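To keep things clear, I will list the structure first and then write my remarks on it.
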Amino acid sequence: VSTISVGDLARRMGIKASEVISALMRLGVLATLNQALDVDTAALIAADFGYEVEQAMTEELELEALQEQESEMGGEALPRPPVVTVMGHVDHGKTSILDAIRKTDVVAGEAGGITQHIGAYHVQSPSGDLTFVDTPGHAAFTEMRSRGAKVTDIVVLVVAADDGVMDQTKEAIAHSKAADVPIVVAVNKIDKDSADPERVKRELSDFGLIPEEWGGTTIFCETSAKKGIGIEDLIESIQLQAEILELRADALRRAKGTVIEAQLHKGRGPVATVLVQEGTLHPGDNFVAGNYSGKVRTLTNERGEQVQAAGPSIPVEVQGLSGVPQAGDEFVVLTDEKMAKSVASARQLKARETELASASKVSLENLFEKI
Ligand code: GDP
Ligand code: MG
């Protein structure tokens with residue numbers, strides 16, 4: 001990584017070195033005239049003065065280039081399990097459907113199923129593998145999307161057959177449409193006397209979710225999470241929708257994914273659940289996750305077991321981060337530890353600059369208020 005001295009940078013921009021030094025101070029960097037600045041810091045300062053450094057995006061571009069280069073080492077893109085989010089109005093049976101699907105898991109066996117909440121889990125059912133993202137509420141779904149992350153391939157919309165389309169049903173439809181994620185409908189509680197699945201179909205048709213038998217393309221399944229009816233059919237329908245989407249990933253390249261949730265554990269330090277979307281993640285891998293870098297110390301699945309690999313569509317809890325990233329942050333494996341660290345520190349610097357900029361804007365506004 002190339003560097004430039006404070007003096008040189010000032011000269012090239014045709015401004016006083018002292019101005020560069022005070023700009024650096026605003027970023028929390030104490031610098032002297034001869035101090036060597038890395039490209040990102042120089043770019044930030046230059047941007048401050050309205051200049052664009054040719055290598056301004058160096059780290060980001062290098063990151064992309066590295067990934068591209070590394071992807072060439074990969075293999076073939078093969079079908080991957082769908083990643084699913086269950087949505088719907090409160091009490092229509094989301095939790096019950098998830099529980100019913102989890103019961104079909106052939107791996108959980110007697111060792112017990114999911115032992116810890118990591119925000120996502122993988123189920124191997126006889127009708128196919130699938131992964132659920134189980135972050136609380138629609139907010140997580142939309143927030144991740146607003147951060148540019150796309151983790152959900154398919155939304156399962158749960159609508160109680162006795163209740164029909166309600167406010168949160170409409171919300172879920174709006175979110176799914178905005179994210180361009182196809183919906184598989186689970187018309188739930190069909191065991192109830194008051195169940196009226198035809199009414200649900202009519203109501204949903206008004207929102208463009210038209211069942212196949214009416215000439216539309218939306219898959220409808222009738223379920224009773226309580227009685228365990230239609231669950232296999234629902235899983236098969238999700239697989240069918242996944243086939244239509246032609247979900248594929250190359251498991252042989254370096255891993256790339258999205259942070260689903262992250263927190264600071266008292267004993268274990270920063271911990272993040274990562275949904276691997278491409279490649280395979282291994283212990284020892286160097287990575288960047290949002291503003292932080294790290295080296296994978298351990299990978300833990302939803303059953304609390306340590307694993308040696310996590311491939312496409314597999315969620316794992318990662319230990320070995322230098323800080324706590326945000327949900328929706330990109331997680332990228334790099335061969336070079338130094339590169340990972342410098343990308344992270346450049347991002348931290350940028351984040352700090354943005355923070356400072358908004359802080360000074362606020363104080364200016366306050367100032368004007370007082371005047
Ligand atoms: P959520 O708020 O969408 O997660 O809904 P829950 O899964 O917590 O279910 C709400 C209530 O509906 C609970 O009392 C469930 O037992 C009940 N319930 C869920 N699925 C069914 C079903 O298929 N049939 C019947 N009769 N009740 C159900
Ligand atoms: Mg629930």
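Bear in mind these aren't lab numbers, they're just calculated from the coordinates by the rules spelled out. Every value quoted in this text rests on a predicted model; they were computed, and no experiment measured them. Glycine gets a Cβ as well: all are built from the backbone with ideal geometry, and neighbour counts include every protein chain shown.
Multiply the residue gap between Ser205 and Ala179 by 0.36 nm, knock off their C-alpha separation, and tell me the result in nm, one decimal place. Don't skip to the answer; put the middle values down first.
Values: separation 26, 0.36 × 26 = 9.36 nm, distance 1.93 nm.
Length gained between Ser205 and Ala179: 7.4 nm.
For segment 222-360, the Cα gyration tensor yields ellipsoid semi-axes of 33, 18, 16 Å (square root of five times each eigenvalue, largest first, whole Å).
Using a/c under 1.5 as the rounded threshold, could you call the chain rounded, prolate or oblate? The axes a ≥ b ≥ c are square roots of the C-alpha gyration tensor eigenvalues, and prolate needs a/b larger than b/c, oblate otherwise.
Numbers: a/c = 2.57, a/b = 1.88, b/c = 1.37.
Because a/c hits 1.5 or more and a/b exceeds b/c, the chain counts as prolate.
When the Cα positions of Met339, Ala327, Ser313 are compared along the charge dipole of segment 284-349, Met339 comes out farthest toward the positive end, with charges on each C-beta of Lys, Arg, Asp and Glu. Close amide H contacts of Gly88 (hydrogens built in the peptide plane, cut-off under 5 Å, sequence separation of 5 or more or a different chain): Val158. A straight chain from Gln263 to Ile244 at 0.36 nm per residue would run longer than the Cα-Cα distance by 3.3 nm. Amide H to amide H distances under 5 Å link Gly328 with Val259, Ile260, where only residues 5 or more positions off or on other chains count and H is placed in the peptide plane. Going 7 Å from the Cα of Thr298 along its beta-carbon direction, which residues of segment 262-284 have the amide nitrogen within less than 17 Å of the resulting point? Under 17 Å, as judged by backbone N against the label point of Thr298, lie 263-274, 282-284 of segment 262-284.
Annotation: amide H-H contacts under 5 Å for Ala120 (H modelled 1.01 Å from N, sequence separation of 5 or more, or interchain): Asp134.
Report, to one decimal in Å, the Kirkwood hydrodynamic radius for segment 278-365 based on all distinct Cα pairs. Mind showing how you got there, number by number?
On the way: mean 1/r = 0.0700 Å⁻¹.
Computed over segment 278-365, the radius equals 14.3 Å.
By the helix-only formula, in which each DSSP H run with n ≥ 4 contributes -39500 (n - 2.57) and the sum is divided by residues, the chain has a 222 nm mean residue ellipticity of -11000 deg cm²/dmol. The relative contact order of segment 162-264 comes to 23 percent, based on Cα pairs under 8 Å that sit 6 or more residues apart. Whole-Hz Karplus values for segment 4-19 come out as 9, 7, 4, x, 4, 4, 4, 4, 5, 8, x, 10, 6, 4, 4, 5 Hz, taken residue by residue from phi with 6.51 cos²θ - 1.76 cosθ + 1.60 and θ = phi - 60°; glycine and proline positions read x.
Between Lys103 and Met25, what length in nm is gained on full extension when 0.36 nm per residue of separation is reduced by their alpha carbon distance?
Numbers: separation 78, 0.36 × 78 = 28.08 nm, distance 5.77 nm.
Gain in length upon complete extension: 22.3 nm.
So for the chain, averaging the separation of alpha carbon pairs under 8 Å that are six or more residues apart and normalising by length, what relative contact order in percent results? Let's see the in-between values first.
Numbers: 755 pairs, mean separation 60.7, N = 371.
Over the chain, the number comes to 16 percent.
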